[in-house]
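One structure is given below, encoded as structure tokens.
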Amino acid sequence: MAVLEVSGLCKSFGETLAVDGLGFSVGEGETYGLLGPNGAGKTTAISMIAGVLGRDGGEVRVGGQRHHPAGRRTKAMIGYVPQEPALYPDLTGRRNLRFFARLHGLAREEAGRRAAEVLELVGLTGRGDDLVGTYSGGMARRLNIAAGLLNRPRLLILDEPTAGVDPQSRNAIFDAVRRLTADGVAVLYTTHYMEEAERLCDRVGILDGGRMRAEGTRRELVALVGERDQVTLRAEGDLGAAVRALAAIAEAGEVSEREDGVELLVRDARAVLPRILAAVTGTGASVGSVEVREPDLEAVFLHLTGRALRD
Amino acid sequence: MKVWIIAGMNLRRTFSERTNAFFMIAMPFLMIFVMGLLFGPGQQLRLGVAGGDQGPLARDLVTALTKGERVAVEPFGGADALRQAVERGEVQGGLLIPAGYDAGLRGGGGAEVRYLSRASDLRSLDLTAWVRSVVPQEAAVLRAARLGPFDESLAAARRAEAPGVEVKVSTAGEAIFPEGLGAFSVSAPSLVLLYTFLSSLTAAVGLVALRRSGIARRMYATPTPARTLVAGEALGRLFIALAQGLLIMLGSALLFGVDWGDPLGAAALLVLFAMVGGGAAMLLGSLFDKEGPVSSAALIIGMGLAGAGGTMVPLESLGETMRSVARFTPHAWGYEGFAELVRHGAGVTGILPQLGVLAGFAAVLFSAGVWALRRALIRP
């Protein structure tokens, strides 16, 4: 069941069309990544979805209900984690959480309990009574996420939560997201890091210039643009014969000899790999190592937009 | 309920900040004290006295100087210590009685009393005038004592009541500072107005930070209606202004014995003036996108209006033109209202014109502030 359904979402700032007819859905327990470069319209899109920015057109449904900025019932189902830690630096982490919990409608005692729970969830129990201003960047971002979890959301919206954080904090954030999706929370995750989208997201929507260029699983996206896997074999022996043997494989293309082996492009290398190895060893050559490089979302983005993700 | 939670958070954060604690708590009381000394009526003048052989004639001179309880005498061990105290302003003047003062006078000779005063110090000049009037009177009595046996003649001279001109002072119309008004009763009301407004404006920086940090958006992302969010922030501004005003009023009553007069009138003035300050703060915090310009504007506007409105120097000491200009500031109306309550014992009905004008200022500024804040916090 879709927790979030977005269709025809539009937003303009003056003459600039920031989001143009965006549509997608996120299911229960699914992590959906909105991937795009800076200025692609990701933050504008999720601000409208979170209900903190009005929209010019389109519809957002959360938990099957129509959602709009004044929608208190639907907002109660959403946890919003903005890009920069939106917290009072002169208050402790715990007091920040209690304050936002009260705004979510929790009673004083319940707010205190829930603050302790989410601090535990993001691994900040020991620092909960320290001022947020003394936190490292990574800790502040983890607390930022904790504040988005106070209302036990069905939909968690994370706007580039790992921008500028250390690897340890990044892994902690990933772990927290995985635990949440395992519990059935739908996660909408924006990033301009291709690696993150590949590692964390079940499905990815590629956003550029405010428009959705393509969406699907990583493999679906790769298949969509016809990209092939690159297989590199380090081998010794008659490499010319090996090249000829590989060229005879129907799925193989652009087979070439290298100084220390051979290289070829092939669709779905994992499936064809046994035949590739057999073809090379069949010529009497010995294979030292095999490297398979599957096309990544960077390549997909390049194919779709004609420019790199970080241009 | 959420309105109170948001407002309470604003108040707590404002007063828990260390620099705010200094500027909003310590500074106003320091200013009340200083301005009370500068502009307040009836403070005691301190006269240092050194030297002399502490004989009865020297004591008579000192007693004559302290007549009327306006002058307090502080003894000093020597001329150097006395000079230093005068230079530092610890006393407003110093009297050096020469050694052998009594013996010299009893022997028919003269005695030269030296007086040290501070240049360009109004209170020192005041004391000098007093000393210059008392010392010749004492000299006249001593001269009379030489006409016969010294002690008998001295006693007779002191008993004698010479006919003279009696000067009675009375005030035409209404006294600006009525008799018996404490020094701090003049300075405290001015500073309530100055600090209530200034603290409100400087706390407007928090509104900019609220927007810039994304906290406002996060608050709006919760199931909290926009009107609740704006009401909470607006009430927070009002609370900050009220807390600042109340702090000075209660503190000055306890520490300096300021009598604020009719409590209902004082409360009405404070609430209306806090609304003026809160409204101005919301306007200021909504107009700018960065904290720096807000701080600068807060200081310029806060001090400018305070100066023009008669809360930095008494309104009564301003010229006619400036007093007309002051009419356009809420400070002047607040000042007049408090002056009526504190100095002339007026009740709430006696300050209705001032309350009316302040209510007008409050209605305009607070409404405009709420409107601007809503536009700044909630983007369409």
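Readers should treat all values here as calculations from the given coordinates under stated rules, not as data from a laboratory. Computed from a predicted structure; not experimentally measured. Virtual Cβ from ideal backbone geometry, glycine too; neighbours counted across all protein chains shown.
Structure notes:
- Value of Rg to Rh for segment B:225-380, rounded to two decimals, is 1.00; Kirkwood radius and Rg both from alpha-carbon coordinates.
- For segment A:212-311, the alpha-carbon coordinates run over 50, 25, 18 Å along the three principal axes, in decreasing order.
- Reach of B:Lys67 by Cα under 26 Å, taken over lysines that are not fewer than 8 positions away in the same chain: B:Lys168
- Among A:Arg270, B:Arg227, a tally of other beta-carbon atoms within 10 Å of each Cβ gives an order, fewest to most, of A:Arg270, B:Arg227.
- Percentage relative contact order, chain B, counting C-alpha pairs under 8 Å, at least six apart: 20 percent
- Extension gain, B:Val313 back to B:Asp60 (0.36 nm per residue minus Cα-Cα distance, nm): 87.1 nm
- Förster radius 60 Å - calculated FRET efficiency between B:Trp4 and B:Ser117 (Cβ-Cβ, nearest 0.05): 0.55
- Largest GNM mean-square fluctuation across A:Glu254, A:Glu220, A:Glu15, computed for chain A with C-alpha springs under 10 Å, falls on A:Glu15.
- Residue (of B:Gly302, A:Ala45, B:Trp333) at the positive-pole extreme of the protein assembly as shown, dipole from beta-carbon charges: B:Trp333
- Neighbour-count order for A:Lys75, B:Lys2, fewest beta carbons within 10 angstrom listed first: B:Lys2, A:Lys75
- Equivalent ellipsoid semi-axes, segment A:106-185, via Cα gyration tensor eigenvalues times 5, rooted, Å: 19, 17, 10
- 3J(HN,Hα) along segment B:137-142, derived from phi through the Karplus expression 6.51 cos²θ - 1.76 cosθ + 1.60 where θ = phi - 60°, amounts to 4, 5, 5, 5, 5, 5 Hz, with x in place of Gly and Pro.
- Summing charges over all other residues whose Cβ lies under 11 Å from the Cβ of A:Tyr80, with Lys and Arg as +1 and Asp and Glu as -1, gives +2.
- Relative to the longest principal axis of the Cα atoms of chain B, the long axis of helix B:291-308 makes an angle of roughly 50 degrees.
- Fully extending the segment from A:Arg178 to A:Ala278 would add 32.1 nm, taking 0.36 nm per residue of separation and subtracting the current Cα-Cα distance.
- Between B:Leu352 and A:Glu251, the modelled labels are 9.6 nm apart [label points 7 Å from Cα along Cα→Cβ].
- Ranked by how many other beta carbons lie within 10 Å on average, peptides B:193-203, A:200-210, A:293-303 from highest: B:193-203, A:200-210, A:293-303
- Convex hull volume per residue, computed on the Cα atoms of chain A, equals 156 Å³.
- Ascending count of other beta-carbon atoms within 10 Å, so fewest first, for A:Thr283, A:Thr16: A:Thr16, A:Thr283
- Relative contact order, percent, segment B:229-338 [alpha-carbon distance under 8 Å, six or more residues apart]: 25 percent
- DSSP-defined antiparallel bridges as percent of all bridges, chain B, nearest 5: 30 percent
- One decimal place: the segment B:Ile300-B:Glu87 gains 73.2 nm when fully extended, by the rule 0.36 nm per residue minus the C-alpha distance.
- Spin-label proximity, B:Ala226 to segment A:44-70 - amide N less than 11 Å from point 7 Å beyond Cα toward beta carbon: A:52-55, A:69-70
- Computed helical MRE - 222 nm, chain B, DSSP H runs ≥ 4 contributing -39500 (n - 2.57), nearest 500: -21500 deg cm²/dmol
- For a straight C-alpha distance cut-off of 30 angstrom, the lysines reachable from A:Lys42 (same-chain residues fewer than eight places away being disregarded) are A:Lys11, A:Lys75, B:Lys290.
- Projecting the Cα atoms of B:Phe366, B:Gly257, B:Leu377 onto the charge dipole of chain B (Cβ charges, centred on the Cα centre) puts B:Leu377 farthest toward the positive pole.
- Between the helical axis of B:263-287 and the longest alpha-carbon principal axis of chain B there is an angle of about 50 degrees.
- Across segment A:141-229, Cα pairs under 8 Å and at least six residues apart give a relative contact order of 22 percent.
- Estimated FRET transfer efficiency when R0 is 56 angstrom, pair A:Glu84-B:Asp80 (beta carbons, to 0.05): 0.30
- About its Cα centre, the protein assembly as shown has a charge dipole of approximately 1460 debye under the convention of +1 per Lys or Arg Cβ and -1 per Asp or Glu Cβ, with nothing else charged.
- Spherically averaged projected area of the convex hull of Cα atoms, the protein assembly as shown: 46.6 nm².
- From its DSSP helices (H runs of at least four residues, each -39,500 (n - 2.57)), chain A gives a residue-normalised ellipticity at 222 nm of -10500 deg cm²/dmol.
- Distance-filtered residues of segment A:202-237 - backbone nitrogen under 16 Å, label point 7 angstrom along A:Arg293 Cα→Cβ: A:227-234
- Of all DSSP beta bridges in chain A, antiparallel share, percent nearest 5: 70 percent
- Take every DSSP beta bridge whose two residues both sit in the protein assembly as shown; close to 60 percent of them are antiparallel.
- Applying 1/(1 + (r/R0)^6) with R0 = 51 Å to the Cβ-Cβ distance of A:Arg61 and A:Arg234 gives a FRET efficiency near 0.45.
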